[in-house]
Every structure is written in structure tokens, then in C-alpha cells.
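Undergrad: Take a look at this one; I'll ask things after.
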Amino acid sequence: MQETTRLAGLIQERINDTLARHRAALEPLGADAEPLLDEAFGFLSGGKRFRAQFAVLGYRAIRPLDLASDVDAEFGAVLDAACALELFHAAALIHDDVIDRSDTRRGRPATHRLFAAMHQQHGWRGSADHFGLAGAILLGDLLQSWADELMQAAGDALPDRAAAQQARRHFNRMRSEVATGQYLDVLEEQHAQFAAHEEQLERSTRVLVYKSAKYSVEAPLLIGAALAGAGEQHERALADFGLPVGVAFQLRDDLLGVFGDEELTGKPIGDDLSEGKRTVLVTLARENLPTTQRRIFDDMLGSELDREQVAMLQRTIRESGAVERVEEMITRNLDRATSSLQRAQIRPDAAQLLLGLSERAARRAF
């Protein structure tokens with residue numbers, strides 16, 4: 001735990017240094033650009049840093065890396081790759097809040113709402129909401145650009161060019177999959193009706209895997225391992241571990257999106273229900289509902305809900321048995337991941353840390 005606590009601190013320090021370096025480079029643009037850069041700092045302060053930690057442990061699974069040591073060139077390169085994932089994640093969240101029309105993120109105004117409020121406070125001309133959307137999209141784009149620079153720096157700092165190129169391939173594929181998975185998620189909400197149960201479950205699972213699960217755990221592990229020079233066998237073993245952990249992670253996120261404590265999650269209670277997310281949890285809940293109750297459930301999902309209506313949908317989901325089924329799925333995926341890791345030929349110290357991190361990611365309360 002002491003090692004991972006230090007690692008989280010080093011990651012935050014590296015992120016802060018990166019943002020400070022870019023701020024200095026952009027000083028010639030003047031004071032008008034400062035709110036954009038301030039929001040980058042604000043958005044990237046704190047967080048659980050799961051993706052960064054999985055990337056570092058992916059590297060450590062292949063090569064020794066003393067997390068308590070001074071940060072030399074090798075360690076610095078790994079941290080750069082880890083921080084690239086955090087900047088990419090921040091950009092994805094900012095854009096996700098725009099897509100979902102979310103008002104808050106982590107207990108603070110969503111980025112587009114913050115810029116809209118700034119527009120209103122200054123009494124500027126035009127639409128405050130449009131300015132907010134423009135500011136959030138541009139900040140997300142900026143963070144994606146900086147993430148790309150960090151990943152390039154990580155590869156340039158290590159002597160193995162083939163390893164750097166493989167890490168870049170994983171990073172590029174991850175970005176393509178997340179964007180396309182996000183599109184599939186948006187598309188899913190446009191359908192007037194749910195598909196037949198088995199088809200809907202397959203579609204909801206596909207969104208879960210490509211929008212979140214793969215890039216939350218599997219891709220960071222593969223990026224870190226590739227930088228360390230992992231071969232095909234090592235990558236396959238880490239993917240066999242990482243994907244089920246990522247699925248468990250996202251299933252937990254779906255539960256928190258419906259039942260989470262908003263003081264802990266920083267999001268309004270039942271936010272996913274108001275947004276009409278067709279998650280695995282929702283799909284499983286609908287399966288056992290009587291026809292009339294299912295019709296009411298479908299009509300309420302994705303509409304403006306007050307707390308009483310949210311509570312009614314929560315109760316319906318609980319009584320359907322879907323929560324227990326999702327908890328069982330989380331446990332099965334963690335068991336599958338543990339079995340895969342036990343067969344993997346990776347460094348034992350990293351395996352132990354990976355098991356602990358995966359348990360924290362899948363069992364978290366916020």
C-alpha cells in the first residue's frame with residue numbers, strides 16, 4: 001500500500017509538472033487563455049489514477065521497477081506513459097459530460113457548465129451554453145494533444161524502439177476503440193425501443209467493453225508491458241487478466257451510476273437513469289419485469305426524473321434481482337482474472353500488486 005500511495009503521488013506530481021510546462025509555453029497568448037488552463041489543473045487534481053497505476057504495474061510485470069526509488073530516466077518514461085493515460089481519460093470525461101449533458105463531475109460543475117457560468121458572469125454576448133460547449137470541447141482536444149506528446153516522450157526516452165512502437169500501437173488502438181464505443185453508446189440511446197433481450201444484452205455488453213472496460217485496465221496494462229519489451233505471450237496473459245477486471249470495473253460503475261452516494265461519487269443520484277443509459281444492469285432488470293411494468297420502466301428511463309421517480313426505478317431494479325446478478329458477474333470476472341494471472345509468467349511482486357489494485361477498482365464505493 002505504501003508503494004502504491006507513493007506512486008499515486010508521483011503521478012499527480014508529474015501531471016502538475018506537465019500542465020505547468022504547457023502553461024509557461026502558452027504565456028504569450030495572454031490572460032484570456034488562463035481560464036482554459038486553470039480548468040485543466042482543476043479537472044486533473046485528485047482522482048483514483050487506476051489507469052496510470054495499471055500502466056506502471058504492466059511495466060513492472062515484465063521488468064523490475066522500484067517504486068520507492070528516485071525517478072530516473074526509465075522510471076520517468078513509465079510515468080509519462082501513465083500520465084498520458086490520465087490526460088486522455090480527463091479529455092474523455094470532459095467530452096462525455098458534453099454528450100450526456102451532465103451538470104456535475106466529481107462534485108464540481110462539469111467543464112461545459114463552468115465555462116457557461118463564466119460567460120454569464122461577464123455578461124458576454126451570444127449564447128452562454130454554446131460558449132460552454134465550445135470551451136469544453138477545446139479543452140478536451142487540448143488534453144488529448146498533450147496526452148499524445150507524453151506518450152511520444154515516453155517512447156523516445158527508452159532505448160528499445162520496437163517496444164516504443166508497440167506501446168504506441170496499443171495507445172492508438174485504445175483511442176479508436178473508446179471513440180467508437182462512445183458513438184455506439186450514443187447511438188444506443190437513440191433507438192425508440194429496446195431490442196429483444198439477448199440482442200440488447202449483447203449490444204450493452206459491447207458498449208461496456210469498448211467504451212470503458214478495455215481502456216480502463218487492459219490497454220494501460222498492455223501499454224506499460226509493451227514499453228518494458230513484453231512479448232506476445234506476456235501481452236496475451238495480461239490481456240486475459242485485464243479485460244475481465246475492466247468489465248468488473250465498469251459493472252461497478254454502472255451500479256454506482258444508479259445507487260451511488262452522490263456525496264461520494266460527485267454525480268446526482270440516479271444520473272444514469274435520467275440519461276437513459278442502456279447498461280447491462282438496466283437490460284437485466286427489464287428481463288424479469290411484467291409487460292406493463294416494463295413499459296412504465298421504459299417510458300421513465302431517459303426522462304427528467306425527480307427523486308421520488310428515481311427511487312421508484314431503483315426499487316424496481318433491486319426487486320428484479322438485477323443487482324445481485326451484476327454483483328455475481330463482477331465476482332466471476334474477478335475470479336477469471338485471478339485465475340489468468342496465476343497462470344501468467346510475470347513478476348510475482350507485480351502480480352500481487354495487480355490483484356490488490358483490481359480488487360479495489362471493482363469493489364470501490366465511488
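Undergrad: Checking the structure you have, find out if any residue of the range 118-125 is at pLDDT 95 or above, surrounded by 21 or more Cβ atoms within 10 Å (Cβ to Cβ), among the hydrophobic types (A, V, I, L, M, F, W, C) and in a helix (DSSP H, G or I).
TA: Of all residues in the range 118-125, those at pLDDT 95 or above come to 118-125.
This time we only want the ones that are surrounded by 21 or more Cβ atoms within 10 Å (Cβ to Cβ), so: none.
No, that holds for no residue.
Undergrad: Right, something else. Of the conditions (1) surrounded by fewer than 18 Cβ atoms within 10 Å (Cβ to Cβ); (2) polar (S, T, N, Q); (3) within 23 Å of Val245 (Cβ to Cβ), Gln53 clears all except one; give me its number.
TA: Condition not satisfied by Gln53: (1).
Undergrad: Then there is this: Consider Phe366 against the criteria (1) more than 23 Å from the chain's Cα centre (by Cα); (2) of a type in the set (Phe, Trp, Tyr); (3) surrounded by fewer than 18 Cβ atoms within 10 Å (Cβ to Cβ): it satisfies all of them except one. Which criterion is unmet?
TA: Among (1) more than 23 Å from the chain's Cα centre (by Cα); (2) of a type in the set (Phe, Trp, Tyr); (3) surrounded by fewer than 18 Cβ atoms within 10 Å (Cβ to Cβ), the lone unmet condition for Phe366 is (1).
Undergrad: While we're on this one: When the residues of the range 282-308 are narrowed to those that are under 28 Å from the mean Cα position of the chain (by Cα) and among the polar types (S, T, N, Q), which ends up modelled with the highest pLDDT?
TA: Looking at residues that are under 28 Å from the mean Cα position of the chain (by Cα) and among the polar types (S, T, N, Q), I get Thr283.
Undergrad: Right, something else. Show the residue pairs that are 6+ apart or on different chains and have beta-carbon atoms under 6 Å apart, the first residue being within the range 282-307 and closer than 13 Å to Asp272 by Cα, the second being outside any helix (DSSP H, G or I).
TA: Leu301/Gly276; Gly302/Gly276
Undergrad: Please indicate, with yes or no, whether at least one residue in the range 44-58 is more than 23 Å from Ser176 (Cβ to Cβ), among the hydroxyl-bearing types (Ser, Thr, Tyr) and in contact with a helix residue (DSSP H, G or I) (Cβ under 7 Å, 6 or more places away or on another chain).
TA: no
Undergrad: Quick one: in the range 21-50, of everything that is open to solvent by 50 Å² or more (accessible area, probe 1.4 Å) and either small (Gly, Ala, Ser) or in contact with a Ser or Thr (Cβ under 6 Å, 6 or more places away or on another chain) (or both), which residue is modelled with the lowest pLDDT?
TA: Gly47
Undergrad: Of the residues Glu177, Glu188, which single one is surrounded by 15 or more Cβ atoms within 10 Å (Cβ to Cβ) and closer than 26 Å to Lys48 by Cβ?
TA: Numbers: Glu188 fails: closer than 26 Å to Lys48 by Cβ.
So the residue among Glu177, Glu188 that is surrounded by 15 or more Cβ atoms within 10 Å (Cβ to Cβ) and closer than 26 Å to Lys48 by Cβ is Glu177.
The values are calculated or read from the model by the stated rules, or taken from the named source; none is laboratory data. The structure presented is a predicted model; accordingly, all values stated were derived computationally and were not measured. Quick reminder, even Gly has a Cβ in these numbers, built from the backbone with ideal geometry, and neighbours come from all protein chains shown. Heavy atoms of the whole protein, side chains included, go into the accessibility calculation; ligands, DNA and RNA do not. Shrake-Rupley method; radii C 1.70, N 1.55, O 1.52, S 1.80 Å.
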